Amino acid sequence: MLSAPRALAAVSATPGTAKCGVGSNTPPPMTLTATSFVLCWSYGSLAQDHKAPIAESSPVVANLDSEGPAVVVGDRTGYLYAYHLSDGTAVAGWPVYDGGTPIDSAPSVAALGGSSLESVFVGTGNAKYPDVGGYAAYEPGGQQLWHTAVQDPTTDSRPAYGVQASLTVADLQDGTDVFAGSLDQESYALDATTGSVLTGWPFFSADSVFSTAAAGDLYGNGQEELVVGGASTAGSAMGQSYSNGGHVRVLDAQGALIYDYDTNQEVVSSPAVGGFLANGATGIAVGTGTYYPGTTDTDTVKAFTTRLGLVWSDTLDGPTSSSPALADVEGNGQLDVVEGSETGRLTGSVWVLDGANGSTVWEVPAVSRIIGSVVAADLSGRGYQDLLVPTVHGVEVLDGRSGSEVTVLGPRLGFQNSPLVTEDPNGTVGITIAGYNGDNVGVVQHYEIPGSNGALAVGAGSWPMFHHDPSLSGVSSALPDLGTVSPTALTAQAGNAEVSLSWVAPTGAGTSSVTGYNVYEGTAPGHEPGTPINAATPVAGSNYLVTGLSNGQSYYFEVTAINSAGEGAPSTEASATPELAPVAPGPPAVPPIAITPPSTTTTTVATTTPTSAPTTTTRPPSSATSVPVPQISIVSSETKVMNGHLPVKLSCRVGTCSGTVTVILVKGHQAVVLAGATYKFLAAGRTDVVQLRVTGAGSARFSGGKTVKDRCIATAHGGLPAIKMIRIS
């Protein structure tokens, strides 16, 4: 429910008539006072929003026509507005209307196809209306470019299609792409030009995602990764157990999980990435949420390495659902972490934390409750970042060094988003605020600081809008390609209390200087600790035997390469479960098969018997047993029959692949065929999911060759045995 501020007083500046930038000619540095901020234009009340006004959608800047930059923002009625910064006139073709689906995500923008103008991307639907919405894109002139719906499995009893997280623009697969989690259990990466789902996606997030992802080259290898928060509900899905709380995850460009840090509170805050750790090292800062009250991660801000090693965690005086800003608040060339907290219905606090160790630089009470996220800009030209704090009673401007209040913009308006700071066409600092008045109707206002330096305000050390920039990258500055490299094709072969790992050495530039490898081990996907199991001595070759393991326990592995540029991104995760060798089978009750592979083109893979049935509809995990054979390999497989289906993910490595998939149950001294199917639908470089229909011991029906996008996966089916072995030939 929106907090209702006092009634909005009339303003004299109207669109198309204001003379922005007129006033003091004092060059920076300058002393800011309340009179430094001039209202240039105001749009609203926006009667068409039918009292479903601008709320959590934050304004961003976009180049939509030849008339100069514009501000773009959405509302809960389903409108996207676009107004020129220079005079507040509406951009031709805008606003656009999506038919009534609420927009609580911030728009993101990118130029497509070599155009000098930018398209707009937005998520639609929200927590109140999760059964409608999706991913949408609009051309610069306001025409819809595409709409992509969330594909919910038909077996999900509570489907959701809304996308409340904002769409982050990133270069994931050699082009301009966008990514956001949904309110369902899937997170999508899409081609920004067509809206088509990228190869390897969606990622199964297991719960709703409100967090907007950060995107950057975390490991210096020229490839962007994604960092995103999420929620978690206790249960088990596809062999993976979940507890109440949340996650911070790092995903690769192909939709695979790289790292996962679990919290006991949801993470709805959007991560911020930048060089704020000690010695300027790149780190990840994020708040949490409020869904699980009383947990130890409630009210916290956390800082991680890029491999999700926890550096520090601070407990503040209230919920930290808003997203941190990284800014040089002290003017010392170092980034601090800035967070707003909710301390009550009409109260909040602003915190500036030392990025290196989390110690408090300063903390002050805000003018009112903080729901949106703080932004930072050098408004005065004094070499440090001032703060703009959105509250339910105006946007409070604070001096960055002291925390003292300068003024409150729009004191009779309410804000649940972030303000926007720009370099306006006349060169001055522009500030756009978008919220709602006491009648619960939307209002957009634009201010300028006459005589100010707009380029300086949004320069190095600033965080001038939600998630930093119009791409919503969440990164304080570009992360360079350092020339690190990564191994590929990691495989894990289980033995008795051991796992044999092998991988392919990196190829291409920078590989000649590889000095060794680090091997990381965990007992859950993405949960490999930060210390390699080979300790301080890098592995010289491309294989490694891990011993001293527990039979029946699943283990997950990643390998990194080390060269002169440093340690690179981890390989794709591989998993195996050590166990005793199976007893040789006796005379079978049904047609027998040999457990020992009959030829070099047949591989037998031991897998885990899960202890509990899944409780949610899921996709196959991105990390599972991976065993290469001459033409085809098992990328992942499940060990539990799901509504009679067993998904087996196969990767074709050479040529056109064809053969047979066989599922074997080891039952006492017998090997019983549960399912078998031929396949001939893979091409080299493709990864597809073969769905086996398991109807009972001794009989099976193949349900078709499915791509990952079209897979058929359902909830647990009782009465059928767990799968013990999978054979491909």
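Among strands (runs of 3 or more DSSP E) entirely within region 528-615, having at least 1 residues that are at pLDDT 50 or above and over 28 Å from Leu251 (Cβ atoms) singles out 543-546. Report yes if some residue within region 486-509 is among the hydroxyl-bearing types (Ser, Thr, Tyr), under 24 Å from the mean Cα position of the chain (by Cα) and at pLDDT 95 or above; otherwise report no. No, there is no match, as no residue in region 486-509 is among the hydroxyl-bearing types (Ser, Thr, Tyr), under 24 Å from the mean Cα position of the chain (by Cα) and at pLDDT 95 or above. Kindly indicate whether Asp378 is at pLDDT below 95, in contact with a strand residue (DSSP E or B) (Cβ under 8 Å, 6 or more places away or on another chain) and over 23 Å from Thr290 (Cβ atoms). The answer is no for Asp378. Considering the conditions (1) closer than 22 Å to Thr168 by Cα; (2) buried (at least 23 other Cβ atoms within 10 Å of the Cβ); (3) not hydrophobic (A, V, I, L, M, F, W, C), Thr282 is excluded by exactly one of them, (2). Is it the case, given these coordinates, that Val361 is farther than 19 Å from Pro59 by Cβ and at pLDDT 95 or above? So Val361 fits the description; yes.
Among the residues of region 451-494, those identified as at positive phi and of a type in the set (A, V, I, L, M) are Leu472, Ala489. The single condition among (1) of a type in the set (Phe, Trp, Tyr); (2) outside any strand (DSSP E or B); (3) farther than 30 Å from Ser380 by Cα that Tyr259 does not meet is (2).
Here is a yes/no grid of residues against (1) within 30 Å of Ala34 (Cα to Cα); (2) touching a strand residue (DSSP E or B) at 6+ places or on another chain (Cβ under 7 Å); (3) surrounded by 17 or more Cβ atoms within 10 Å (Cβ to Cβ); (4) of a type outside the set (Asp, Glu):
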{"site": "Pro480", "(1), (2), (3), (4)": "no, no, no, yes"}
{"site": "Thr488", "(1), (2), (3), (4)": "no, yes, no, yes"}
{"site": "Ala497", "(1), (2), (3), (4)": "no, no, no, yes"}
{"site": "Leu501", "(1), (2), (3), (4)": "no, yes, yes, yes"}
{"site": "Val504", "(1), (2), (3), (4)": "no, yes, no, yes"}
{"site": "Thr507", "(1), (2), (3), (4)": "no, no, no, yes"}
{"site": "Ser512", "(1), (2), (3), (4)": "no, no, no, yes"}
{"site": "Pro538", "(1), (2), (3), (4)": "no, yes, yes, yes"}
{"site": "Leu545", "(1), (2), (3), (4)": "no, yes, no, yes"}
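Taking region 27-57 as the range and being under 18 Å from Val408 (Cα atoms) and without any contact (Cβ under 8 Å) to a residue 40 or more places away in the chain as the test, only Thr35 passes. Within region 187-206, not a single residue is of a type in the set (Val, Ile, Thr) and either under 14 Å from the mean Cα position of the chain (by Cα) or on the phi > 0 side of the Ramachandran plot (or both).
Residue-by-condition table, conditions (1) modelled with pLDDT under 95; (2) in contact with a Pro (Cβ under 9 Å, 6 or more places away or on another chain); (3) in a helix (DSSP H, G or I); (4) under 30 Å from Ser270 (Cβ atoms):
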position: Ala4; (1), (2), (3), (4): yes, no, no, yes
position: Ala18; (1), (2), (3), (4): yes, no, no, no
position: Thr26; (1), (2), (3), (4): yes, yes, no, no
position: Ser42; (1), (2), (3), (4): no, yes, no, yes
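Scanning region 142-183 for residues that are closer than 19 Å to Val228 by Cβ, not in a loop (DSSP other than H, G, I, E, B) and not β-branched (Val, Ile, Thr) gives Ala170, Asp177, Phe179, Ala180, Gly181. Looking only at residues in region 414-432 that are closer than 13 Å to Leu388 by Cβ and in contact (Cβ under 8 Å) with a residue 60 or more places away in the chain, the one that is farthest from the chain's Cα centre (by Cα) is Gly430.
Reported count of residues in region 451-468, each being crowded, with 20+ Cβ neighbours inside 10 Å and part of a loop (DSSP other than H, G, I, E, B), is 10. Answer yes or no as to whether Ser58 is in a strand (DSSP E or B), polar (S, T, N, Q) and in contact with a Gly (Cβ under 8 Å, 6 or more places away or on another chain). No: the conditions fail for Ser58.
Taken together, Val122, Val163, Val96 contain a single residue that is within 25 Å of Gln223 (Cα to Cα), crowded, with 20+ Cβ neighbours inside 10 Å and at pLDDT 95 or above, which is Val122.
The values are calculated or read from the model by the stated rules, or taken from the named source; none is laboratory data. Since we're looking at a predicted model, the values are computed, not measured. Cβ coordinates were reconstructed from backbone atoms using ideal geometry, including for glycine residues, and neighbour counts include every protein chain displayed.
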